[in-house]
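We did not get these values from a lab; they are worked out from the coordinates using the rules stated. No experiment lies behind these values; they were computed from the predicted model shown. As a convention, Cβ positions derive from the backbone with ideal geometry for all residues, glycine included, and neighbour counts pool all protein chains shown.
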Amino acid sequence: MNVEEFTAERTGELLNFPRGFVNTFFVIYFVVGIALMAYTPPFQSADSFSHFDRTAGIASGQLIASNRADYSGSYLPEGLINLEDGFSTLPFNPNSRVTISQFRDGWQESWSTPKVFVTYTTGGNLPFLYLPQVLGVLAGRLASKHVLVSYYLAAAFNFLLFIALARFAMLRLPRRLALPLGVFLVFPAVISLATSLNPDALLLALSVVFATMCFLQYDALPNGSDVVKITAARGRGRGSTSHFDPYWLGFACLFLMAIQKPPLAMLGLLLPIADLYSNLRRYMIRISLFAASVAVVFLIWTKFGSQGRAGPILGGGPEPFRQFTLLVRNPVRVVDVLWQTTRTLGWLDVKQSIAGIAWLDVSFPTWFYVGLIVTFVVVLTSAIRFERRDLARFVGGLLVIVATVLATGFSLYILATPYGAATMYNIQGRYLLPMVPVLIVVLGLQTARRPPLKVVSRFVDEYAMISLVGLQLLVAAEYAVMIRLRYWVK
């Protein structure tokens, strides 16, 4: 037994998954994802019409959306609009099924048709979010005149970037954290986002890398866990250098996330986690620098880049100032809104977080939701290892996550909910998905010699790889069945 293996055994920490297994996992992930992408009719993911319009606008040089009648939009070929119209009868219509004629007619639509002004709801989204999709559209236009080719290449490029970032993170986490991350990655909701045009796929991948960088910072502390020697050995084995600072990569990932979804900036409290334990003054400087950077860029984009309104709000227009004043004058209402939202939408949001696919209008069997939740809780429990002296860090990390979730809901209530509504509007399970990788890391930062569930942890250690691949294939099969029932079988 070498020094690295001895240290791993003494601390109760196994090394990372073998690189070969991680590569195999993501090869299967890619094959399954491409197959599901091909089996799912075009534009059958949340807001896909608007995201494709925004992508096509950026690809044609319109980085900032135009503004007409106070709504954002771009000048786009009629062929693109006709393609979208052909598949627009499917969302939220459980009795509608896709037909071969829709694909035949869609194939005829070309990029060379005259341009018209098209309004969409995504004009406020920053261009960088659509980088892989734009590259896919440009590649598609070079390869073919057919708009449908560009659509599929845009989704494929988005998927490839997601896989690259997720693989980068999984290779750098110990297997007790990489396993729950792997289970999370096979959630149908995650696969659906990853294989779509939705820029939330990039945000989700960035959250995985951000969480990994937080772990690597803490793991490298001289006064941190005993596994620091393992981490150093792992880094040398991959050819990395001692000059690599996870903080800056974590900073970049969270910065890109927060300038699009400002409530995520609260996760910056976890970003310089190593400094929190070694240099409190530098910790305060770093979180202040991060918050200021996000605020400045977000305000500049809001002032000069985000054009027009996103679209009408159901039930009446939002009144942000008046809504905020209402909550300030009646703080008890905050608790009531949270309770009513949780009571009426809580289980729905959980289901959407687990298996929200298509336009979030596909329901999996109850056993599937329960089975995935139980599986994730079991593997997550096996990752929870903190000592009593580390309780403050553990509780603090959880409070940051809870505060970020509450801030997300609060922003939706203020900005996207009609005045005086009893519940938050537009809150969806997919908005909470970026919290999950961070939660995994917060629960598993500190290595303890005795895991809380020894039997579970031993099973996870011994059968992790085969169990993860088996779960991956099971989820893929059920996903395909649900797509077949929803879109192909009358």
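What FRET efficiency comes out for the pair L485/D70, r = Cβ-Cβ distance, R0 = 35 Å, nearest 0.05?
0.25
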Point to revise | Simple spin-label estimate for L249 and Y425 in nanometres, 7 Å along Cα-Cβ | key: 4.2 nm
Check your understanding: Sorted by packing (mean other beta-carbon atoms within 10 Å per residue), highest first, where do 280-292, 422-434, 149-161 land?
Key -> 149-161, 422-434, 280-292
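Sorting check: for 80-86, 395-401, 93-99, which peptide has the highest mean count of neighbouring beta carbons within 10 Å, and how do the rest follow?
80-86, 395-401, 93-99
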Revision key, fill the gap. Residue separation between T342 and V378 times 0.36 nm, minus their alpha-carbon distance, gives in nm 10.6 nm
Practice item. Apply 1/(1 + (r/R0)^6) to the Cβ-Cβ distance of F321 and L289, taking R0 = 25 Å, and write down the FRET efficiency to the nearest 0.05. Key: 0.25
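Could you pull out the trypsin sites (Lys or Arg not before Pro) across segment 143-182 that fall in loop regions by DSSP (anything but H, G, I, E, B) with no more than 15 other Cβ atoms inside 10 Å? Each step should come with its number before you reach the end.
On the way: sites: K145, R167, R172, R175, R176; in loops: K145, R172.
In loop regions of segment 143-182 (DSSP not H, G, I, E or B), the sparsely surrounded trypsin sites (Lys or Arg not before Pro) are K145.
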